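Right, one structure below, let's go through it.
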Amino acid sequence: MYIRYQIAEMCLDIEHEIKVKLVNSVTSNQSEDGYEIVRKYFNREDPNFHLLNTIKRHKSGEYCKDLIDKYYPYFLIWVLVEVVPFGGLLHVCDFYEKEYNCKIIPSSKLMNVIRDLRNASAHSNCLLNQMNKRIANRRQADEHITTFVKNMEIVGTASRRNNLRKIFTNDLVTLLYVYDQIMPDMSKKRKFSELSYLMHDKVIEHAEYFKDNSEIKSTYTFLKKIIDKLNSVDYTKNSIERQ
């Protein structure tokens, strides 16, 4: 439960930051206005996606109803981001990046993992059920994630490859990577500190229950090393310098 709450909060942080980056980019784009970019998107939208139909279905919700009634279907970008689901937001960002050759989000492949984690945690799915499940050949660990862990120099090659072939571990490391790439320094520092506390305190509260389970122990050790590295002073300093 504690892990799921942390995952949900991180996914919401990422979603909020993406909205801020997109709106700021449109606002600073002298060749565009808040209406025109939305019109362009709907004129060229993937015919299989139908974002306007998705927005219509949200009209019954009290918190979106007034905005949808007022602007549908001629949305400003800063209104659109408030009424679209996370998947729709990613579609809009992907269009905007291609249209203006700028970067808002990491790769769509990585963001799809964040979307799946967001939905799973929001619906209280048991994420740990996937701890032993391996990634199918068609979905190998992304090279960005592999490099992310490799550059930390905290685990050997065999451990890195073995753990990143597991769905749960790969997805959680992907979340850590995207959070590290997108979020402001203070947000990262706070969150990585919270995760470190979780791993060193709450998660091992009943470690004796799992002392004979090598799968759980190896997964825990791998993730703890990554989180400890992200929470370290040296990593935070290097992250600031990279930005």
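The values are calculated or read from the model by the stated rules, or taken from the named source; none is laboratory data. Computed from a predicted model, the values in this text were never measured in an experiment. FYI the Cβ positions are ideal-geometry reconstructions off the backbone, even for glycines, and counts take in every protein chain you see. The protein model used for the area step is the full one, side chains on, heavy atoms only, and it has no ligands, DNA or RNA in it. Shrake-Rupley method; radii C 1.70, N 1.55, O 1.52, S 1.80 Å.
Before moving on, here are some points about what is shown:
- Scan the stretch 1-22 for residues that are open to solvent by 30 Å² or more (accessible area, probe 1.4 Å) and assigned to a helix (DSSP H, G or I) and the total you get is 13.
- The set of residues from the stretch 47-57 being touching a helix residue (DSSP H, G or I) at 6+ places or on another chain (Cβ under 9 Å) and open to solvent by 70 Å² or more (accessible area, probe 1.4 Å) comprises just one member, 56.
- Elements of the type helices (runs of 4 or more DSSP H) sitting completely within the stretch 32-79 and holding at least 2 residues that are farther than 15 Å from residue 91 by Cβ, basic (Lys, Arg) and at pLDDT 85 or above: these cover 62-71.
- Residues of the stretch 119-142 satisfying the condition of being in a helix (DSSP H, G or I), under 19 Å from the mean Cα position of the chain (by Cα) and under 25 Å from residue 9 (Cβ atoms): 119, 120, 121, 122, 127, 128, 130
- Checklist (1) under 26 Å from residue 5 (Cβ atoms); (2) aliphatic (A, V, I, L, M); (3) surrounded by fewer than 16 Cβ atoms within 10 Å (Cβ to Cβ); (4) over 14 Å from the mean Cα position of the chain (by Cα) applied to residue 167, failing item: (3)
- Residue in the stretch 97-108 that is aliphatic (A, V, I, L, M), surrounded by 17 or more Cβ atoms within 10 Å (Cβ to Cβ), touching a residue at least 60 places away in the same chain (Cβ under 8 Å) and in a helix (DSSP H, G or I) present: no
- Single residue of 132, 163, 238 found to be among the polar types (S, T, N, Q), under 19 Å from residue 117 (Cα atoms) and modelled with pLDDT under 90: 132
- Members of the stretch 204-215 found to be in contact with a helix residue (DSSP H, G or I) (Cβ under 8 Å, 6 or more places away or on another chain) and either acidic (Asp, Glu) or open to solvent by less than 50 Å² (accessible area, probe 1.4 Å) (or both), listed by number: none
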